[in-house]
Amino acid sequence: MRRFAVPRGIRGALVSSVAAGSPAAVAGLEAGDVIVQVDRQAVTSARTCRQLLNRAGNRALLLVQRQEITGYTMLQR
């Protein structure tokens, strides 16, 4: 988290890399982003994030922290 300048106290799943052309790339995710929520459910770990994304199906609303900025994006698979 320190490597990507994620502010202290932010909890979630760190995006370590994004493949070009992937649904994550289309949604605008970048390495260093932290997924804080999936469909308004708190993400506490990478495992929790995967579980919530699997339950979400083809579309998921993500709350993403990028350094000091927090915003929503839609992930479509």
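The values are calculated or read from the model by the stated rules, or taken from the named source; none is laboratory data. All of these numbers come straight from a predicted model, not from anything done at the bench. FYI the Cβ positions are ideal-geometry reconstructions off the backbone, even for glycines, and counts take in every protein chain you see. For accessibility, only protein heavy atoms count, side chains too; no ligands or nucleic acids. Shrake-Rupley method; radii C 1.70, N 1.55, O 1.52, S 1.80 Å.
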Original post:
Quick one: helix 46-56 against the long Cα principal axis of the chain, what's the angle to the nearest 10°, folded into 0 to 90?
Top reply: 30
Subject >> Listed candidates [x] 8.9; [y] 6.4; [z] 4.5 - label of the one calculated as mean projected area of the Cα convex hull in nm² >> reply: [z]
Subject >> Karplus (6.51, -1.76, 1.60) ³J(HN,Hα), θ = phi - 60°, over segment 22-29, in Hz, Gly and Pro reported as x >> reply: 6, x, 5, 5, 4, 6, x, 5
Subject >> For GLN37, residues with placed amide H under 5 Å, excluding near neighbours >> reply: VAL43, LEU63
Subject >> Environment charge at LEU52 (Cβ cut-off 12 Å; Lys +1, Arg +1, Asp -1, Glu -1) >> reply: +3
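For the chain, report the accessible area per residue in Å² (1.4 Å probe, heavy atoms, rounded to an integer).
Averaged over the residues of the chain, the accessible area is 66 Å².
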Original post:
Once you sort the root eigenvalues of the Cα gyration tensor of segment 1-44 as a ≥ b ≥ c, which label holds: rounded (a/c under 1.5), prolate (a/b larger than b/c) or oblate (the other case)?
Top reply: oblate
Subject >> Length-normalised contact order of the chain in % [C-alpha pairs under 8 Å, at least 6 apart] >> reply: 32
